[in-house]
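To keep things clear, I will list the structure first and then write my remarks on it.
The values are calculated or read from the model by the stated rules, or taken from the named source; none is laboratory data. This structure is a prediction, so every number in the text was calculated from the model and none was measured. All Cβ positions, glycine included, derive from the backbone under ideal geometry; neighbour counts span all protein chains shown.
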Amino acid sequence: MQALEGNDQIFALTKSTFRSIPFFEEIETEQLDQLITKIKLINFDENTVIFKQGEVAENMYILAQGKVKVEKDGEEIAELNEGDFFGEMALISAIPRNATVTTNTKCLCISLSQSNFLELVSTDPSIALKVSKAVVKRVDS
């Protein structure tokens, strides 16, 4: 795992990339600009466990490149591809992870920590409402 920090690489991910992710579609442009300053880009090698079921959730991830598998109780329940996101409950609750996520290929993930998200929400509470709606919608589907 290699974290890539720095504005040049982070801002290279265009706003349209974020807009294509349902999780962020209702966030205003100014809010999105703030959000981009809080993210990290992380490279994961093939067959790397990103997080394990039962671990305390601290980060959400957006899959920018590659594929991951999601396993619950040792059984594969999904494969995620570029543009998919996972671990989003970490932003609103520090509950244990309900699944294990492992890379199937080399992956580039966008990561947002709960602490950075809460810092952003403290300056603009409307972000919490918009993101919470997306989380509830995803959980209900």
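Criterion first (surrounded by fewer than 19 Cβ atoms within 10 Å (Cβ to Cβ) and touching a Phe, Trp or Tyr at 6+ places or on another chain (Cβ under 9 Å)) does Lys130 satisfy it?
yes
Can you pull out the residues in the stretch 81-111 that are part of a strand (DSSP E or B) and without any contact (Cβ under 8 Å) to a residue 40 or more places away in the chain?
Answer for the stretch 81-111, where residues must be part of a strand (DSSP E or B) and without any contact (Cβ under 8 Å) to a residue 40 or more places away in the chain: just Phe86.
Every residue in the stretch 44-63 that is surrounded by fewer than 16 Cβ atoms within 10 Å (Cβ to Cβ) and assigned to a strand (DSSP E or B), please.
Residues satisfying the conditions are Val49, Val56.
Of the conditions (1) farther than 15 Å from Thr105 by Cβ; (2) modelled with pLDDT of 80 or more; (3) not in a loop (DSSP other than H, G, I, E, B), Ser16 clears all except one; give me its number.
It fails just one condition, (2).
Please specify each residue of the stretch 112-140 satisfying the condition of being part of a helix (DSSP H, G or I), at pLDDT 85 or above, under 17 Å from Ala57 (Cα atoms) and among the hydroxyl-bearing types (Ser, Thr, Tyr).
If the condition is that a residue be part of a helix (DSSP H, G or I), at pLDDT 85 or above, under 17 Å from Ala57 (Cα atoms) and among the hydroxyl-bearing types (Ser, Thr, Tyr), then Ser115 is the only one that fits.
Can you pull out the residues in the stretch 66-76 that are surrounded by 14 or more Cβ atoms within 10 Å (Cβ to Cβ) and part of a strand (DSSP E or B)?
Residues satisfying the conditions are Val68, Lys69, Val70, Glu71.
Is it fair to say Leu80 is surrounded by 14 or more Cβ atoms within 10 Å (Cβ to Cβ), aliphatic (A, V, I, L, M), at pLDDT 85 or above and within 24 Å of Lys133 (Cα to Cα)?
Judged against the criteria, Leu80 is a match.
Only one of Ser111, Ser93 is on the phi < 0 side of the Ramachandran plot, surrounded by 16 or more Cβ atoms within 10 Å (Cβ to Cβ) and of a type in the set (Ser, Thr, Tyr); which?
Ser111
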